[in-house]
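Here the structure is laid out as structure tokens; the discussion comes afterwards.
The values are calculated or read from the model by the stated rules, or taken from the named source; none is laboratory data. Just so it is clear, the model here is predicted, and its values are computed rather than measured. Backbone-built Cβ (ideal geometry, glycine too); neighbour counts: all protein chains shown.
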Amino acid sequence: MKAVIVGVGNILMKDDGVGVHVVRALGERDLPANVTLLDAGTDPDAAYEVWDANFVIVIDAAYGGEDPGTIYRLPDRIACEAAGVTQTCHDMGLLQMLRDSRRSNAPIEILVIGVEPRTIDWGLELSEEVAALVPRVVEVVLEELRGYQCS
């Protein structure tokens, strides 16, 4: 079983880059050999890196109307809509691209971990609220991996 953690976002646009910051923080952790980290930035072609994964976690800024730093666990597009999360910041058909990039018909489970942004504007630093949540998002991802038996 292979898992891929995909961090998306533009690190030049403050909270938009939260997914990339989380993936970088995960890179400092001791992860199981069957887990791959992917800093996808804003490159839609990065989806093709998950062709052989069984489990994909996408981390991105997501608008749900809650307080900045709110963490959303969204197992698929239907769950996103049901939760009132209208879009992730890089909602360019990412989930469908992930499914289409597969080179097999094996089932794939895709989970989006969204973080409500405070500021999407020029700047390299995350807002205080979102920066404070990065360690918690790392723990959420690790819990999901343990739950999916990737340890």
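Which of the residues that make up the range 32-70 are under 11 Å from the mean Cα position of the chain (by Cα) and either more than 21 Å from Glu116 (Cβ to Cβ) or surrounded by fewer than 16 Cβ atoms within 10 Å (Cβ to Cβ) (or both)?
Leu37, Leu38, Asp39, Val56 - these are the residues of the range 32-70 that are under 11 Å from the mean Cα position of the chain (by Cα) and either more than 21 Å from Glu116 (Cβ to Cβ) or surrounded by fewer than 16 Cβ atoms within 10 Å (Cβ to Cβ) (or both).
Of a type outside the set (A, V, I, L, M, F, W, C), surrounded by fewer than 17 Cβ atoms within 10 Å (Cβ to Cβ) and within 22 Å of Asp30 (Cα to Cα) - does that describe any residue in the range 124-137?
Pass one, the range 124-137, residues of a type outside the set (A, V, I, L, M, F, W, C): 125, 127-129, 135-136.
Imposing the further condition that a residue be surrounded by fewer than 17 Cβ atoms within 10 Å (Cβ to Cβ) reduces the set to 125, 128, 135-136.
Subsequent filtering for residues that are within 22 Å of Asp30 (Cα to Cα) retains 135-136.
Scanning the range 124-137 turns up at least one residue that is of a type outside the set (A, V, I, L, M, F, W, C), surrounded by fewer than 17 Cβ atoms within 10 Å (Cβ to Cβ) and within 22 Å of Asp30 (Cα to Cα).
What's the number of the only condition in (1) over 13 Å from His21 (Cα atoms); (2) surrounded by 12 or more Cβ atoms within 10 Å (Cβ to Cβ) that Val115 fails to meet?
(1)
Mind listing just one residue for me: the one in the range 1-31 that is of a type in the set (Lys, Arg) and in contact with a strand residue (DSSP E or B) (Cβ under 9 Å, 6 or more places away or on another chain) and, of those, surrounded by the most Cβ atoms within 10 Å (Cβ to Cβ)?
If we filter the range 1-31 for residues that are of a type in the set (Lys, Arg), which is where we start, we get 2, 14, 24, 29.
Filter once more, keeping what is in contact with a strand residue (DSSP E or B) (Cβ under 9 Å, 6 or more places away or on another chain): 2, 14, 24.
Working: Lys2: 15, Lys14: 23, Arg24: 16.
Restricting to residues being of a type in the set (Lys, Arg) and in contact with a strand residue (DSSP E or B) (Cβ under 9 Å, 6 or more places away or on another chain), the top hit is Lys14.
Can you tell me which residues in the range 97-107 are aliphatic (A, V, I, L, M) and either at pLDDT 85 or above or surrounded by fewer than 19 Cβ atoms within 10 Å (Cβ to Cβ) (or both)? Steps first, answer last, please.
Taking the range 97-107 as the starting set, the residues that turn out to be aliphatic (A, V, I, L, M) are 97-98, 106.
Within the range 97-107, Met97, Ala106 meet the criteria.
Please give the strands (runs of 3 or more DSSP E) falling wholly within the range 1-63 in which 3 or more residues are of a type in the set (Val, Ile, Thr) and in contact (Cβ under 8 Å) with a residue 12 or more places away in the chain. Steps first, please.
Working: elements: 3-8, 35-41, 55-63.
Here the list reads 3-8, 55-63.
Could you grab the pairs with beta carbons closer than 7 Å, sequence gap of 6+ or different chains, first residue in the range 131-149 and part of a helix (DSSP H, G or I), second one of a type in the set (Ser, Thr, Tyr)?
Leu145/Ser151
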